[in-house]
Amino acid sequence: MATTLAKAAEGTARTTAHAARIEHVSKSFSGPAGSQLVLDDISLDVAPGEFVTLLGASGCGKSTLLNLVAGLDRPTAGTIETPGGRPALMFQEHALFPWLTAGKNIELALRLRGVAKADRKTEAERLLELVRLGGAHGKRVHELSGGMRQRVALARALAQDSRLLLMDEPFAALDAITRDVLHGELTRIWEAANMSGSAAGGLSVLFVTHNVREAVRLAQRVVLLSSRPGRVAKEWTVDIPQPRRIEDADVAELSLEITEHLRGEIRRHGQH
Ligand SMILES: Nc1ncnc2c1ncn2[C@@H]1O[C@H](COP(=O)(O)OP(=O)(O)OP(=O)(O)O)[C@@H](O)[C@H]1O
Ligand SMILES: [Mg+2]
């Protein structure tokens, strides 16, 4: 019995050793001026349940890397594994279908996941509650504020029931207060999904931003990418306990240190 349990535990450890493994990934795009190397030999693991932010100057290749992890494009060299299955994606633009209601947008994701028709409405309502939009099921997208739309987009991403959530500047277009609230919501949802005994079974997040404070506010680990080509320049473990606030002294202090490195990266490449 003990042996069986040990074997089972061993098996679990092996299959869940990482939520994403990026190994020696490079990506080039060919254009009129020839081939452009955008990502150069990137290796990065995201552990199960881990929250990682990917930080870097505009154009350094953050979205390119996220798209590769999402499987939307292929690396020129190297490998990417997401052993937990297909990741869920959330972008800066909500990309909701405007002709569907908030609830139906979520139900569509549930249908694609294979959830039975009879269960979809209840599940969509549960997800809307989770992002604190209970009662918005019948609302059209144009009736919702920017912050509410991003909440629906988050609920739709969660509807995919993925172990890995990829987020590409999802709150960049929102005002500071709304963004602050959504940081709290995302942290709460991520923590709840990773609580022992949670039915959700764990959630890792790979979150792209060029906002240093946001990166520190959210993540357990901040990975800074250099520019032209994108490489892992440096990473920081964030030991500040949650809940954090963007204006906390600890968050500000680490952000300052990271900003200095980011500035150095930008200076090296003559960007502004
Ligand atoms: N499909 C593509 N074809 C050709 N070049 C591309 C393609 N996608 C991205 N690039 C180039 O790759 C580089 C990195 O782009 P990417 O969108 O990944 O940057 P980013 O770090 O996400 O920037 P931002 O912070 O502005 O969103 C840019 O020079 C861009 O022009
Ligand atoms: Mg981008």
Task: lysines with Cα under 17 Å of residue 234, excluding same-chain neighbours fewer than 8 positions away - done: 62
Task: Inverse mean reciprocal Cα-Cα distance (Kirkwood Rh) of the stretch 96-161, Å - done: 11.2 Å
Task: 25 °C / 0.890 mPa s Stokes-Einstein diffusion coefficient of the chain, Kirkwood radius on C-alpha pairs, µm²/s - done: 125 µm²/s
- [ ] Taking the Cα centre of the chain as origin, sum charge times position over the Cβ atoms of Lys and Arg (+1) and Asp and Glu (-1), and report the length of that vector in debye to the nearest 20.
- [x] 800 debye
- [ ] Between residue 41 and residue 74, with labels modelled 7 Å along Cα→Cβ, what's the label distance in nm to one decimal, could you check?
- [x] 2.4 nm
TODO: Let me see the pair-distance distribution of the stretch 83-207: every alpha carbon pair, 5 Å bin width, integer percents in order.
DONE: 2, 12, 22, 25, 22, 12, 4, 1
TODO: Taking only Cα atoms and a 10 Å spring cutoff, compute GNM fluctuations for the chain and point out the largest among 58, 255, 204.
DONE: 58
Task: For the chain, calculated [θ]222 nm from helices alone, where every DSSP H run of n ≥ 4 adds -39500 (n - 2.57) - done: -12500 deg cm²/dmol
TODO: Run down the lysines and flag those whose C-alpha is under 17 Å from the C-alpha of residue 139, throwing out any fewer than 8 positions away in its chain.
DONE: 104, 121
Open item on the list: Compute the distance from the alpha-carbon center of the stretch 168-246 to that of the stretch 48-126, in whole Å.
Closed with: 16 Å
Open item on the list: If you take every DSSP beta bridge fully contained in the stretch 127-252, what fraction is antiparallel? Give it as a percent rounded to 5.
Closed with: 50 percent
Open item on the list: So the label point goes 7 Å from the Cα of residue 116 along Cα→C-beta, right? Which residues of the stretch 135-164 then have their backbone N under 11 Å from it?
Closed with: none
- [ ] Quickly rank 124-133, 71-80, 217-226 as a protection proxy: mean count of other C-beta atoms within 10 Å, highest first.
- [x] 217-226, 124-133, 71-80
TODO: Would you work out which of 171, 98, 82 lies farthest towards the positive end of the dipole of the chain? Charges go on Cβ: Lys and Arg +1, Asp and Glu -1.
DONE: 98
Task: Residue with peak Gaussian network fluctuation, the chain [Cα springs, cutoff 10 Å], from 47, 88, 176 - done: 176
Task: DSSP bridge pairs, the chain: antiparallel proportion in percent, nearest 5 - done: 50 percent
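No lab work stands behind these numbers, since they all come straight from the coordinates. What you see is a predicted model, and the numbers here were worked out from it, not measured in a lab. Please note: Cβ atoms are built from the backbone with ideal geometry, for glycine as well, and neighbour counts cover all protein chains shown.
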